[in-house]
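The values are calculated or read from the model by the stated rules, or taken from the named source; none is laboratory data. Every value quoted in this text rests on a predicted model; they were computed, and no experiment measured them. Cβ: placed from backbone, ideal geometry, glycine included. Neighbour counts: every protein chain shown.
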Amino acid sequence: MQALILASGTGSRLKPLTENLHKSLIKIGEKEILARLLETLISHKISDIIITTGHLASQIMDFTSKNFSTANIQFVHSDKYDCTNYIYSMWKAKKVIYNDLIILHSDLLFEPAIIEKLLNNEKSGVLIKNSLGYPKKDFKALIGDNRIKEISTKLDSGNLRFCLPVYKLLKKDWDLWITNIENYINQNKVTNYAEDALNEILHQVVLEPVYFHEELAMEIDDFEDYDLAQQLISD
């Protein structure tokens with residue numbers, strides 16, 4: 001099992017905090033977001049980790065070298081991080097992915113236990129909160145027949161749930177997704193969400209909802225998220 005952490009973005013909605021500090025290195029409580037993610041992965045025996053970089057790439061490389069030197073971490077740099085979405089970074093990483101895969105963003109905060117649910121799922125899956133209601137700005141998943149039908153920030157009707165964008169993908173399903181991502185890149189659709197390419201192949205890929213309940217799980221997108229996270233986390 002490999003892990004792909006997407007960390008190429010500029011964190012523009014958290015400026016000026018992210019002017020000179022990469023968003024993943026912001027401390028929530030006493031610990032950096034990226035440190036929490038890496039500790040969770042490594043504690044679940046996932047130490048073959050790929051991190052995409054862009055904005056302030058050297059900070060991430062220095063931080064991981066100093067604090068996680070025993071993990072097998074490699075970096076894939078996005079040369080167009082300031083004018084593309086993470087779909088481009090995922091495409092850049094395709095040559096170093098050879099196994100089943102966990103994909104997650106570098107600005108996620110969640111309780112470590114929920115990733116066990118994902119790892120224990122036999123098929124490809126994504127983390128879904130099993131309750132009604134969802135943040136308007138975040139990803140939602142449309143669910144039917146115990147599989148994901150669509151993932152988007154724009155969904156507003158149907159059997160929707162909050163989707164935390166942490167995926168487990170079997171290699172065969174990753175291959176289908178990255179092939180369609182490459183189609184997007186070839187058409188210069190580099191500002192699309194990678195989920196746009198995923199939605200087009202969900203008739204081929206069985207992507208299951210992997211439910212969590214009241215466990216902490218959130219994205220740190222803006223100062224509202226940041227303030228809430230600081231209230232919830234003290235360690």
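Tabulated data for the structure shown
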read-out	value
Close pairs from the stretch 77-90: first hydrophobic (A, V, I, L, M, F, W, C), partner in a loop (DSSP other than H, G, I, E, B) and surrounded by fewer than 22 Cβ atoms within 10 Å (Cβ to Cβ), Cβ under 7 Å, at least 6 apart	87/190; 87/192; 87/193
Residue among 109, 119 that is more than 28 Å from residue 182 (Cα to Cα), in contact with a strand residue (DSSP E or B) (Cβ under 8 Å, 6 or more places away or on another chain) and at pLDDT 95 or above	109
Of residues in the stretch 8-23 being hydroxyl-bearing (Ser, Thr, Tyr) and in a loop (DSSP other than H, G, I, E, B), the one modelled with the highest pLDDT	8
Residue in the stretch 56-68 that is assigned to a loop (DSSP other than H, G, I, E, B), crowded, with 16+ Cβ neighbours inside 10 Å and polar (S, T, N, Q) present	no
Residue within the stretch 100-120 that is under 11 Å from residue 4 (Cα atoms), over 16 Å from the mean Cα position of the chain (by Cα) and either assigned to a helix (DSSP H, G or I) or of a type in the set (A, V, I, L, M) (or both) present	no
Selection from the stretch 200-230 of residues that are touching a residue at least 40 places away in the same chain (Cβ under 8 Å), surrounded by 17 or more Cβ atoms within 10 Å (Cβ to Cβ) and not aromatic (Phe, Trp, Tyr)	202, 205, 207, 208, 209, 210, 217, 218, 219, 220, 221, 229
Filtered residues of the stretch 153-175 (kept if without any contact (Cβ under 8 Å) to a residue 60 or more places away in the chain, surrounded by fewer than 17 Cβ atoms within 10 Å (Cβ to Cβ) and under 28 Å from residue 95 (Cβ atoms))	172, 175
Test: residue in the stretch 214-226 that is modelled with pLDDT of 95 or more and hydroxyl-bearing (Ser, Thr, Tyr)	no
Flag for residue 224 being over 21 Å from residue 84 (Cα atoms), part of a helix (DSSP H, G or I) and among the acidic types (Asp, Glu)	yes
Selected residue (criterion: surrounded by the fewest Cβ atoms within 10 Å (Cβ to Cβ)) from residues of the stretch 24-42 that are farther than 18 Å from residue 219 by Cβ and modelled with pLDDT of 95 or more	39
Some residue of the stretch 183-193 being crowded, with 18+ Cβ neighbours inside 10 Å, assigned to a loop (DSSP other than H, G, I, E, B), more than 15 Å from the chain's Cα centre (by Cα) and hydrophobic (A, V, I, L, M, F, W, C)	no
